[in-house]
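This structure is in structure tokens; I'll ask about it shortly.
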Amino acid sequence: MQSNKEELKKSLLDLLLEDTEFRHAVAGAIGYKEILDRIAKVEEEIKALREEANNLREETNNLRKDLNDLRRDMNEGFRRHDEELKRHWESIEKLRQDMLEGFKRHDKLLQELQVGLGSLGRRMGKDLEKLILNIYRDQLIQLGIDEDKARRFEYIDIKGLYGLKGKRYELDVVVSNSHLDILEVKSHIEEEDIVVFYEKVNSIRSLIEREYKAGVRRLIVVAVHMDKEAVDKAKELGIECIYGNMVID
């Protein structure tokens, strides 16, 4: 009797677990059907939520994958951009160095050219002076001046003892016995040239006389062409003139 009862209980439990309709019938009979329906509905909602969560997880994974791909693409783009920018900067730096080197060569050539032109100008100036003195040799001899005795006096006032620091003084000095004649030789002399010549000599007269141990006796200008105003100014300052042509405006 007891064995049959146990078998019946087991059979009923199996039915409740395996047969949904039987389970609902029993629940309805004992008043739990409504609760079971709600539970079933909740289970369906949970199942739907789980499916939705799975879908969201899948979309999230896909989005994460897309973001990773985008990050790799951006990093690759930045790397290429940095390499390209580096090449541009290297090219610009090389161009800058080439330009600086070119400027240095240009400045060196310009400096050499200026030195050459200055040297050429001085040589041409001296040659022209010799030519002019040779043209007026007779007039100079009449004044008792031997052009072959002319000496080039040069002095740079480094300390500014007689005027501006670094000023260069160049004069043709003829030494005759115990006196000096100072010449200014140019192809064309204007009034301003007379004034400059007079002031230049007188600013360093003591230096010249000390150098040659003789006094300055005369200032003489020799020119191919000489403005009338220059002739008048020379007479006013006591400067003797030798020229071939007087220019009158």
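The values are calculated or read from the model by the stated rules, or taken from the named source; none is laboratory data. The model shown is predicted, which means the values in this text are computed figures rather than measured ones. Positions of Cβ are backbone-derived with ideal geometry, glycine not excepted, and every protein chain shown enters the neighbour counts.
Can you tell me which residue is surrounded by the most Cβ atoms within 10 Å (Cβ to Cβ) among those in region 189-210 that are of a type in the set (D, E) and out of contact with any Asp or Glu (no Cβ under 6 Å at 6 or more places or on another chain)?
If we filter region 189-210 for residues that are of a type in the set (D, E), which is where we start, we get 190-193, 199, 209.
Cutting the leftovers down to out of contact with any Asp or Glu (no Cβ under 6 Å at 6 or more places or on another chain) gives us 192-193, 199, 209.
Details: E192: 12, D193: 19, E199: 11, E209: 14.
Residue satisfying both the conditions and the ranking: D193.
Right, next: Can you tell which of L67, L63 is modelled with pLDDT of 75 or more, assigned to a helix (DSSP H, G or I) and more than 48 Å from the chain's Cα centre (by Cα)?
Values: L67 fails: more than 48 Å from the chain's Cα centre (by Cα).
Only one candidate passes the filter, namely L63.
Against the conditions (1) buried (at least 16 other Cβ atoms within 10 Å of the Cβ); (2) within 28 Å of V247 (Cα to Cα), where does L180 fall short? Just the number, please.
(2)
Condition first: touching a strand residue (DSSP E or B) at 6+ places or on another chain (Cβ under 7 Å) and without any contact (Cβ under 8 Å) to a residue 24 or more places away in the chain. Now tell me which residues in region 189-236 satisfy that.
Within region 189-236, R205, K228, V231 meet the criteria.
Is it the case that K186 is free of Cβ contacts under 8 Å to residues at least 60 places away in the same chain and exposed (fewer than 12 other Cβ atoms within 10 Å of the Cβ)? Give the steps one after another, and end with the answer.
Working: free of Cβ contacts under 8 Å to residues at least 60 places away in the same chain: yes; exposed (fewer than 12 other Cβ atoms within 10 Å of the Cβ): no.
Answer is no for this residue.
Within region 202-231, which residues are more than 53 Å from the chain's Cα centre (by Cα) and under 25 Å from N134 (Cα atoms)? Before you say what the answer is, go through the steps one by one.
Taking region 202-231 as the starting set, the residues that turn out to be more than 53 Å from the chain's Cα centre (by Cα) are 213-218.
Correct list: V216, R217, R218.
Please verify whether K126 is modelled with pLDDT under 85 and either buried (at least 17 other Cβ atoms within 10 Å of the Cβ) or over 43 Å from the mean Cα position of the chain (by Cα) (or both), treating the condition exactly as stated. Even if it seems obvious, please write down each step before you answer.
Working: modelled with pLDDT under 85: yes; either buried (at least 17 other Cβ atoms within 10 Å of the Cβ) or over 43 Å from the mean Cα position of the chain (by Cα) (or both): no.
Taking the combined requirement at face value, the residue does not satisfy it.
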